[in-house]
Amino acid sequence: MELQYQIATAFAFDLLIGDPPGYPHPVRIMGAAARGLEKRTRKLIKNARHAGAVTAVTLISGTYGLCVASLWILEHIHPFAGTLGSIFLIYTCLSVRSLFDESLPVLRHLQENREDLAKSSLANIVGRDTQNLDQKEIVRATVETIAESTVDGILAPLLFAFLGGAPLAMVYKAINTMDSMFGHKDEEYLEFGSVPARLDDAANWVPARLAGPVIAFAAFLSGFNGKDAFFTFIRDGQKHLSPNSGIPEAAVAGALGIRLGGTNVYQGFKVEKPFLGLNKKEIEVGDISRSHRIMFIASLLSLAIFFIAAICFKSV
């Protein structure tokens, strides 16, 4: 089975079953490996930045080598086994269904006026403090997470899968996992996590910029304001503290006519983030389900665009 059909199959599996709880997901294995490497490199290397760099290089090279070796073994057992292994690994890199499943409880609890439960559910998917958020701030945090995750949970792994198959997609997930674990600007990880954080910025640079027009077109197809989505990501996308996160967030803000950004609190410390969007209307609970709709359409568009590009590239 050609690579583009493997990716489409993996995408379908992700939509159908998501991430069932309990099975040994490769990202959890990566996380455990990263934590183990951190302990060892910190002991062996006094310079925290160098220790973080060694951890990153080791995990990335190990992930790539293990994937290539595993697929090679499966291919030699039987070609169909190699295909199944590739589909499985790509499937584990995608997060369309899990992004929906993990943010849906926040929406449900808000619809039932159970804000305490909404805050608890939100805390499972964001890094900011949630205990003091009001309803609008809960919605804002959820919409921002859905928008940002459209890049690192969907569009980016799809792009890397099309460029280099399952091994390159898994390398991307390794980089993304290290950023989520070590990319904190606190005393413990400011130096150690600097290289993983920069690698994540570099890996998401192209996918984030593809996400702007893709989300704008998805907004148009979803019945929202595609024009405002496009011009908002052009105007506000680079205002964000992150070189990449602001682009999908600005596009979604424009599509829904709302304003994202503002004050976030992380472990008790306030962080002021620039406002994104024109604030044409007040943010409301329904904006979460609207963000879901844009996310699903954007993911299908991304798959279609990369799929067609792969076929055209092969025919040249």
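Can you tell me the FRET efficiency between R35 and H76 if r is taken as the Cβ-Cβ distance and R0 is 22 Å, rounded to the nearest 0.05? Present the calculation step by step, with values, prior to reporting the outcome.
Details: r = 33 Å, r/R0 = 1.48.
With a Förster radius of 22 Å, E is 0.10.
Annotation: amide H-H contacts under 5 Å for Y266 (H modelled 1.01 Å from N, sequence separation of 5 or more, or interchain): D129, V271. Spatially, region 1-78 and region 104-137 are offset by 31 Å when compared through their Cα centroids.
Could you check which residue among V252, V271, V139 shows the biggest mean-square fluctuation in a GNM of the chain with a 10 Å Cα cutoff? Answer for the Gaussian network model of the chain: V271. Sequentially through region 171-176, phi angles give Karplus couplings (6.51, -1.76, 1.60; θ = phi - 60°) of 4, 4, 5, 5, 4, 5 Hz, Gly and Pro residues having no value and appearing as x. Compared with the direct C-alpha span, the chain from R42 to E272 gains 79.6 nm at full extension, assuming 0.36 nm per residue. Computed from backbone phi, the HN-Hα couplings of region 8-18 come to 4, 5, 4, 4, 5, 4, 4, 5, 6, 10, x Hz, rounded to whole numbers (Karplus: 6.51 cos²θ - 1.76 cosθ + 1.60, θ = phi - 60°; Gly and Pro given as x). Measuring against 29 Å, Cα to Cα, the residue pairs K39/K273; K173/K227; K136/K185; K119/K173; K46/K273; K173/K280 contain K39/K273; K173/K227; K46/K273; K173/K280 as the ones spanning a longer distance. Here's the picture: charge each Lys and Arg Cβ at +1 and each Asp and Glu Cβ at -1 in region 3-315, and of L155, G262, S120 the one pushed furthest to the positive end of that dipole is L155. Distance from the Cα centroid of region 210-261 to that of region 281-302 is 11 Å (rounded to whole angstrom).
Evaluating 6.51 cos²θ - 1.76 cosθ + 1.60 at θ = phi - 60° for every residue in region 105-118, the Karplus couplings come out as x, 4, 4, 4, 5, 5, 5, 9, 6, 10, 5, 4, 5, 4 Hz, glycine and proline recorded as x. Residues whose amide H lies under 5 Å from that of G261, counting only those 5 or more places away or on a different chain, are L276; hydrogens are built 1.01 Å from N in the peptide plane.
With a cut-off of at most 16 other beta carbons within 10 Å, and DSSP calling the residue loop, which GluC sites (Glu not before Pro) in region 131-235 qualify? Please list them. Could you put the intermediate results ahead of the total?
Working: sites: E137, E144, E148, E187, E188, E191; in loops: E187, E188, E191.
Sites meeting the loop and neighbour criteria: E187, E188, E191.
When the Gaussian network model of the chain links Cα atoms closer than 10 Å, the mean-square fluctuations of A156, A250, A203 top out at A203.
Every number in this text was worked out from the coordinates using simple rules, so none of it is lab data. Nothing here was measured: the structure is a model prediction, and the numbers come from that model. Using ideal geometry, Cβ is built from the backbone for each residue, glycine included, and neighbour counts are taken over all protein chains shown.
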